[in-house]
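Remarks on the structure that follows.
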Amino acid sequence: MHEARVLVVDDSAAMRALFSDILDQAKNVTVVGTARNADDAREQIAELKPNVITLDVEMPGMSGIEFLEEIMETDPRPVVMLSSLTQAGTEISLRAIELGAVDCFPKPLKATPEQFAKSVGKLGKIVLAAANSNVRDRRARGDAKSGPKSGDAPFEWNGHIAAISASMGGIDALTTMLAQFSANCPPTLVCLQAEPMVVDTFVRRLDAMLKCHVHQAKDGASLVQGTIHIAADPDHHVVVEPGQPPRLRLMARDPVDGARPSANLLFGSIARGAIPAVGAVLTGMGSDGARGMRLLREGGAITFVQDRKTALVSEAPEAVIALDAASKEVPLAEIGAAVLAGCAIG
């Protein structure tokens, strides 16, 4: 694993100092410099050669989004966007992800000491994962924009549900994958580790874009054809309760192996309930989902993992492969069709 060498770009001296302080406390992360605007950042990038940039969305002159687009077109490298969690901020965050940002992190404005301490650990992990991501290779291959959109293809359901997990890079991967789902797609549940307000905007956008329905996961919701449920509430786990049809249950329990909602808990509930399913783990940090996928596979489910070359962050796929929990490693462009085939008659 490479050490993260970070350039902090923000027009506010206070914010530059704050984020430099946060990152200097993180393990294997070094702040190599700071910049107040795009012009300053270009000089610092050429001189310091950081392998990660944290970039403020709102800057005078060239905005953070405009500078991000320039970086991705001229010299792609991992960028973590920093933005306020407003409605406008979440729309901009999604645009940043579309342009190639690894992740978007909320500025800890008016944070309590406890919240600040939590931010220290979380941002450090994000930046370190970003330093070890596949941004350059994926941009060169155009993976993020590849993949067929076959939502009109005929689909006959065999009774299996689709269960998917993703974290860093997941919004981009899910956009590509779910574009292949038809109006009568299999009942689908996604465990997504991302900022809740960004996910809320993402869900609304997906619901408008896809032919099927997309909702935030709700307690008691039935898993029926034509609906995708996205679980991202950081205060609740989600499990599947057997029945005709199966139902979602949200639980306010402690994190499992540091994750909430936990993909391990979700996949494990499906395996223990002997619910026919197809599982998939996409790009992401950490190992959440690997043990649960192993339980699914041992229970007879078909399980897929996004291949490491097309995964923005390969930590989660690597954990799945290390446990021999996947039936097959599949490129992003093909994983949607693979899941649908596992849920289809024939």
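The values are calculated or read from the model by the stated rules, or taken from the named source; none is laboratory data. From a predicted model like this one, the values you see are computed outputs, not experimental measurements. With ideal geometry, Cβ positions are generated from the backbone for all residues, glycine too; neighbour counts draw on all protein chains shown.
Some observations on this one:
- On the stretch given as region 4-28, residues that are under 25 Å from the mean Cα position of the chain (by Cα) and either of a type in the set (Val, Ile, Thr) or closer than 21 Å to residue 66 by Cα (or both) total 6.
- Filtering 43, 58, 47 for residues that are in contact (Cβ under 8 Å) with a residue 24 or more places away in the chain and charged (D, E, K, R) leaves a single hit, 58.
- Condition met for residue 237 (modelled with pLDDT of 95 or more, in contact with a strand residue (DSSP E or B) (Cβ under 6 Å, 6 or more places away or on another chain) and crowded, with 19+ Cβ neighbours inside 10 Å): yes
- Residue in region 223-230 that is without any contact (Cβ under 8 Å) to a residue 40 or more places away in the chain and not in a strand (DSSP E or B) present: yes
- Scanning region 42-61 for residues that are at pLDDT 95 or above and either β-branched (Val, Ile, Thr) or more than 22 Å from residue 123 (Cα to Cα) (or both) returns 42, 43, 45, 46, 47, 52, 53, 54.
- Scanning region 308-322 for residues that are surrounded by 16 or more Cβ atoms within 10 Å (Cβ to Cβ) and of a type in the set (A, V, I, L, M, F, W, C) yields 311, 312, 313, 316, 319, 320, 321.
- The residue pairs whose first member lies in region 1-26 and is within 17 Å of residue 83 (Cβ to Cβ), whose second member is among the polar types (S, T, N, Q) and assigned to a helix (DSSP H, G or I), and whose beta carbons are closer than 6 Å, counting only pairs six or more residues apart or on different chains, are 8/20.
- Those helices (runs of 4 or more DSSP H) of region 87-178 in which 3 or more residues are modelled with pLDDT under 90 and not small (Gly, Ala, Ser) occupy 87-99, 113-131, 135-141.
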